[in-house]
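Q: Sharing a structure, written as C-alpha cells. Questions coming.
The values are calculated or read from the model by the stated rules, or taken from the named source; none is laboratory data. These numbers were taken from a predicted model, which means no experiment stands behind them. Quick reminder, even Gly has a Cβ in these numbers, built from the backbone with ideal geometry, and neighbours come from all protein chains shown. Quick note on the areas: whole protein, heavy atoms, side chains included, nothing else; ligands and nucleic acids left out. Shrake-Rupley method; radii C 1.70, N 1.55, O 1.52, S 1.80 Å.
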Amino acid sequence: MNNILLLFFALPVAITILSIIAETLIHSPIKIAGITFSILLIITFTIADENFLIFTILYTILSYIVAWITNQWINNQNDDNCLNQLIQTTNAENLLNVNNQNNTNNPISQLNNIQSQNIGCGCRRR
C-alpha cells in the first residue's frame with residue numbers, strides 16, 4: 001500500500017464513523033474493536049502486505065477509543081435524563097408532602113405518601 005492519503009486520512013475517518021455507528025447499535029467498545037481488528041486482519045493478509053499489520057493495530061486502537069468515547073457520551077445523556085426525572089419526582093414529592101400536611105387523616109393521602117417514597121427514574125446502566 002503506497003497510497004499515503006488512504007492510510008492516514010480515508011481509513012481513519014471511515015473507521016471513526018463506522019465505530020460510532022456500530023457503538024450505537026452494539027453498545028460494547030471491545031466488540032467493536034474486535035470486529036474492526038478481524039476485518040482489517042483479513043484485509044492485511046489477503047490484499048495488503050505485512051507492513052499493513054502495524055496500521056491494523058493502530059486502527060483497532062482508534063476504533064476502541066472512538067467506541068468508548070461514544071459509549072460514555074450515550075451514557076452521559078441517559079444519566080442527564082435520569083437526573084431530570086429524579087428532580088421532577090422530588091419536586092412532585094415535596095409538593096405532595098406540603099399538601100398532605102393539611103390532610104394527614106385522609107387514607108388517599110397516606111397511599112400517595114407510600115407511592116411517592118419510590119423515587120427513581122427506571123433508567124438502567126448498560
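Q: Tell me, which residue of the range 53-63 that is open to solvent by 40 Å² or more (accessible area, probe 1.4 Å) and touching a residue at least 40 places away in the same chain (Cβ under 8 Å) is nearest to L18 (Cα to Cα)?
A: Only one residue tops the list, namely L62.
Q: Look at S63 and say whether it is under 21 Å from the mean Cα position of the chain (by Cα) and modelled with pLDDT of 70 or more.
A: yes
Q: Let me ask something else about it. Taking the range 19-32 as the search range and keeping residues that are without any contact (Cβ under 8 Å) to a residue 12 or more places away in the chain and aliphatic (A, V, I, L, M), which one is surrounded by the fewest Cβ atoms within 10 Å (Cβ to Cβ)?
A: L25
Q: In the range 33-52, what residues are more than 23 Å from the chain's Cα centre (by Cα), open to solvent by less than 40 Å² (accessible area, probe 1.4 Å) and under 23 Å from T70 (Cβ atoms)?
A: Scanning the range 33-52 gives a single hit, L40.
Q: Given the criterion modelled with pLDDT under 60, part of a helix (DSSP H, G or I) and either surrounded by 14 or more Cβ atoms within 10 Å (Cβ to Cβ) or of a type in the set (A, V, I, L, M, F, W, C) (or both), identify the matching residue among N78, N100, N71.
A: Only one candidate qualifies: N100.
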